[in-house]
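Comments concern the structure below.
The values are calculated or read from the model by the stated rules, or taken from the named source; none is laboratory data. Please read these numbers as outputs of a predicted model, since none were measured by experiment. We place every Cβ from the backbone using ideal geometry, glycine too, and count neighbours over all the protein chains shown. Calculation scope for accessible area: heavy atoms of the full protein, side chains included, ligands and nucleic acids excluded. Shrake-Rupley method; radii C 1.70, N 1.55, O 1.52, S 1.80 Å.
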Amino acid sequence: MSEETGLTKLDRLESQSIFIIREAYKSFKNIGMLWSIGKDSTVLLWLAKKAFFGHIPFELIHIDTNYKIPEMIAYRDRLAKELKLRLVVGQNKKALAEKRTFVDGLDRISCCKELKTIPLRQTLDGVGARRVYDPNRDVWEEFETAEPYNAVIVGVRSDEEGSRSKERVFSARDEKSEWDASAQPPELWNLYKTEFAPKTHVRVHPLLDWTELNIWEYIEREKIPTISIYYNQGEGKRYRSLGCYPCTSPVDSDARNPGEIIEELISGKFRNIAERSGRAQDIDGGGTLETLRKEGYM
């Protein structure tokens, strides 16, 4: 805790993230928020609720690869209904129908492009079919087109993976959602560039300065409900990072709650082990997602 302000590190991170979320909402005409169902984007959802006093004023966007761990989809639909979230679900149905997937013989990186990058870009551009949950009527609807998003709020952290450490809080993409790390504007003294050239798509990263440890400390402090597969259910295993089940492996762990996960991160077995070590596509990509991210991946 700072003696000058009386704020803890989590207080400062929370305040900064809420400021960024509000600044983004004020600055862009049509903005959405990516929700992967994982711990980071669920913390982001919690912060957005705080930023707007319990109301989420923008759509949540989820890209469904058809290979997500089943508990993830059940959790997504249940929380969307409970919190009355307007949820947009994009999917590359053409790639699935044509069996352009890792399960059908495609390499992992190409599968990520087909099932994540392409449908994400299409959903953000307002093209391609999407399912939309309307919480007011409690129904799912199908739409072929929609208004493009000018910006999207994303729960990436700079410590999570190498290419993400090159990001800015307000990160510009071109009209194809492609990313050039060398062209990012400087962000000094918490001064952010929020005005961009026409047709620029912007990714907003309120959690960029958070660490995995900060996320779990905040989850414990705020008592944020998270998906059960993050915790040992009695088999001595849990998921540390969530993704598609053919490419994501659980880790050996006895942690049954956020407090025990925090202990593992501070002094236990995961203190010096990368968070995404169980994600096979990172290994196939040489330990980085930079190639995918240049093409529009999260």
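Subtract the Cα-Cα distance of Lys269 and Arg12 from 0.36 nm times their separation in residues, and report this length gain in nm to one decimal.
89.7 nm
Could you compute the net charge surrounding Tyr230? Neighbours are other residues with a C-beta less than 9 Å from the C-beta of Tyr230; K and R count +1, D and E count -1.
Around Tyr230, the charge tally is +3.
Just to be sure I understand the rule: take each whole DSSP H helix in the chain, project its Cα atoms onto its long axis, keep it if the span is 24 Å or more and its mean Kyte-Doolittle hydropathy is at least 0.5. Which ones pass?
Counting only whole DSSP H runs, no helix qualifies.
Considering only DSSP beta bridges whose two residues both sit in the chain, what percent are antiparallel, to the nearest 5?
55 percent
Of Glu195, Glu144, which has the most accessible area with a 1.4 Å probe, and how do the rest follow in descending order? Provide the component values of the computation, followed by the final result.
Values: Glu195 150, Glu144 130 Å².
Putting Glu195, Glu144 in descending order of accessible area: Glu195, Glu144.
Mind checking which of Asn190, Asn30, Asn150 has the largest fluctuation in a GNM of the chain, springs on alpha carbons under 10 Å?
Comparing Asn190, Asn30, Asn150 in the GNM, the peak value goes to Asn190.
Compute the relative contact order of the chain as a whole-number percentage, counting only Cα pairs closer than 8 Å that sit 6 or more residues apart in sequence. Write down the numbers at each step before the final one.
Details: 500 pairs, mean separation 59.8, N = 298.
Answer for the chain is 20 percent.
I'd like to check one number: the per residue accessible area of the chain, probe 1.4 Å, reported in Å² as a whole number.
47 Å²
Can you give the FRET efficiency for Phe52 and Lys237, using 1/(1 + (r/R0)^6), R0 = 41 Å, r = Cβ-Cβ distance, to the nearest 0.05?
Rounded to the nearest 0.05, the efficiency is 0.65.
Could you tell me which trypsin sites (Lys or Arg not before Pro) in segment 1-77 are loop residues by DSSP with no more than 16 other beta carbons within 10 angstrom of their beta carbon?
Passing both the DSSP loop test and the Cβ count: Lys29.
Work out how much length Ala74 to Glu141 would gain on full extension: take 0.36 nm times their residue separation and subtract the Cα-Cα distance, in nm to one decimal.
Residue separation times 0.36 nm, minus the Cα-Cα distance, leaves 22.3 nm.
For the chain, what does the helix formula give at 222 nm: sum of -39500 (n - 2.57) over DSSP H segments with n ≥ 4, over the residue count, nearest 500 deg cm²/dmol? Display every interim value, and only then the final one.
Details: 10 runs with 94 residues, N = 298.
Counting only the DSSP helices, I get -9000 deg cm²/dmol.
On the accessible surface of the chain, probed at 1.4 Å, how many percent belong to carbon and sulfur atoms?
Working: 7070 of 14010 Å².
Summing carbon and sulfur atoms, their accessible area is 50 percent of the total for the chain.
First measure r as the distance between the Cβ atoms of Asp252 and Ser110, then evaluate 1/(1 + (r/R0)^6) with R0 = 35 Å and state the FRET efficiency to the nearest 0.05.
0.70
Roughly how big is segment 212-279's charge dipole about its Cα centre, with Cβ charges of +1 (Lys, Arg) and -1 (Asp, Glu), in debye to the nearest 20? Intermediate results must be reported in sequence, preceding the final value.
Working: 10 positive and 11 negative charges, 42 e Å.
Using only the charged Cβ atoms, the result is roughly 200 debye.
Compare the Cα positions of Ile266, Pro225, Pro250 along the charge dipole of segment 212-279 (+1 at Cβ of Lys, Arg; -1 at Cβ of Asp, Glu; about the Cα centre) and return the one farthest towards the positive end.
Result: Pro250, furthest along the dipole toward the positive end.
Work out how much length Lys193 to Lys94 would gain on full extension: take 0.36 nm times their residue separation and subtract the Cα-Cα distance, in nm to one decimal.
Here the segment from Lys193 to Lys94 would lengthen by 31.9 nm.
Only Cα pairs under 8 Å and at least 6 apart count here; give the relative contact order of segment 1-84 as a rounded whole percent.
Working: 46 pairs, mean separation 21.8, N = 84.
Relative contact order of segment 1-84: 26 percent.
Charges at C-beta only: +1 for Lys and Arg, -1 for Asp and Glu. How large is the resulting dipole of the chain about its Cα centre, in Debye rounded to 20? Could the numbers behind the result be given before it?
On the way: 46 positive and 48 negative charges, 107 e Å.
Charge dipole, the chain, about its Cα centre: 520 debye, nearest 20.
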